[in-house]
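One structure is given here, and the rest of the page talks about it.
The values are calculated or read from the model by the stated rules, or taken from the named source; none is laboratory data. Small disclaimer: the values here were computed from a predicted structure and weren't measured. Here Cβ is always computed from backbone atoms with ideal geometry, including for glycine, and neighbour counts include all displayed protein chains. Heads up: the accessible areas ignore ligands, DNA and RNA and are worked out on the full protein's heavy atoms, side chains in. Shrake-Rupley method; radii C 1.70, N 1.55, O 1.52, S 1.80 Å.
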Amino acid sequence: MNFQIISDGACDLLPEYVKRNNIKIVSFYVTFDGENYVKEGTGISHDDFYRRMAENHEIPKSSLPSSGDYIEAFMPFVESNTPIICICITSKFSGSYNSACMAKDEILETHPDAQIEIVDSTLNTMSEALLVNETVRMRDNGLTLSEALYHIENIKKTGRIYFTVGSLEYLIKNGRIGKLATIAGDKLGIKPLIIMLDGDISLGGITRTRQKAKKNLVKLIDKYFSENHLNYNDYNFLVGTGFELEEAENFENLLEESLPIKCTHNVESRIGTTIGCHTGPYPLGVAFIKKYDV
């Protein structure tokens, strides 16, 4: 194996994909009571997590992986002299990248020949998943560590997410979007259109209904590709949701009927509990990233 792929849990890849593609995941932690944290994916199911927010209006919190978590993940590969590429959530959202860097520095003190490359993906959830998937393709196509890093740096800047949420409440409580937009949303029942690019999020527009939000997300994507003269065939697309799986399937159909794209189905992903702490129970959107070999 030319290198081992490790990612933090913010990539939201499901266990079947992770196992099939020999990826190591370093999990975040979540809590509902502010004291008892459990590893994402082991302490509470997706459905139970989102149901507690939707039905009981509970507000969870997340905590990043520690440097110790990363050391534990890195060491088996360091000891087998296997190079590592570790892909982390945008550093603008979390200290996960810093934890990974601290772990690398500590390991290098006793294993100076270890090859550990830490990547600030500048991405999150489905777009991070797509970057990990491209890295899998690089590895499986026989690229070296340095070749893979070159392509990762080139394509990560092309990653975008266009999404909406049920309410801006969770984003504002976690300091993710301006207070003015939140006040408008709370008072007028407005549904936001949110764009994530360059490691951060911004408000891309507002609508009055969820259905209109989904249609306008499609229009925003089409506008982006048209204005920048981009080829849809050069990109992979992935729809993501938290709670409403049927709605996500219908949204995917809308995308494919409206735009010349085919969403990928070989990247099993679902917006996880860590990201759900910030989006609330009803995130819905589409991520895309440029293929490394086009």
Hey, what angle do you get for helix 96-110 against the long axis of the chain, alpha-carbon based, 0 to 90 degrees rounded to 10?
0
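Apply 1/(1 + (r/R0)^6) to the Cβ-Cβ distance of Lys262 and Arg210, taking R0 = 22 Å, and write down the FRET efficiency to the nearest 0.05. Can you show the working numbers first?
Values: r = 24 Å, r/R0 = 1.11.
Working from the Cβ atoms, E equals 0.35.
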Multiply the residue gap between Glu35 and Asp293 by 0.36 nm, knock off their C-alpha separation, and tell me the result in nm, one decimal place.
88.3 nm
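When the chain is fully extended, how far beyond the present Cα-Cα distance does Asp222 get from Glu249, taking 0.36 nm per residue of separation? Intermediate results must be reported in sequence, preceding the final value.
Values: separation 27, 0.36 × 27 = 9.72 nm, distance 1.95 nm.
Stretched out fully, the Asp222 to Glu249 stretch lengthens by 7.8 nm.
I want the local charge near Asn141. Using Cβ-Cβ distances under 12 Å, sum +1 for each Lys or Arg and -1 for each Asp or Glu among the other residues. Numbers along the way, then the final one.
Details: positive: Arg137, Arg139, Lys291; negative: Glu134, Asp140, Glu147, Asp293.
Net of charged neighbours comes to -1.
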Could you work out how far helix 46-56 tilts from the main Cα principal axis of the chain, as a 0 to 90 degree angle to the nearest 10?
40
Surface accessible to a 1.4 Å probe, per residue, for the residues of the chain, Å²
45
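Arranged from highest to lowest average of other beta-carbon atoms within 10 Å per residue, in what order do the peptides 54-61, 262-269 appear? Could the numbers behind the result be given before it?
Details: 54-61: 13.2, 262-269: 16.0.
Result, highest mean Cβ count within 10 Å first: 262-269, 54-61.
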Using alpha-carbon coordinates, inclination of helix 125-140 to the longest axis of the chain, degrees:
40
Among (1) 0.96; (2) 1.08; (3) 0.99, find the value of Rg/Rh (Cα atoms, Kirkwood Rh) that was calculated from the structure presented, and write down its label.
(1)
Apply the Karplus parameterisation 6.51 cos²θ - 1.76 cosθ + 1.60, with θ equal to phi minus 60°, to every residue of region 257-265 and state each ³J(HN,Hα) to the nearest whole Hz, in sequence, with x for glycine and proline.
7, 9, 10, x, 9, 10, 5, 6, 10
For 250-261, 3-14, 219-230, 90-101, ranked highest to lowest by mean beta-carbon neighbours within 10 Å, the order is 3-14, 90-101, 250-261, 219-230
Using label points projected 7 Å from each Cα along Cα→Cβ, tell me how many nm separate Thr110 and Ser45, to one decimal.
4.0
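Using a 1.4 angstrom probe on heavy atoms only, work out the carbon and sulfur share of the accessible area of the chain in %.
Values: 6300 of 13190 Å².
Carbon and sulfur atoms account for 48 percent of the accessible area of the chain.
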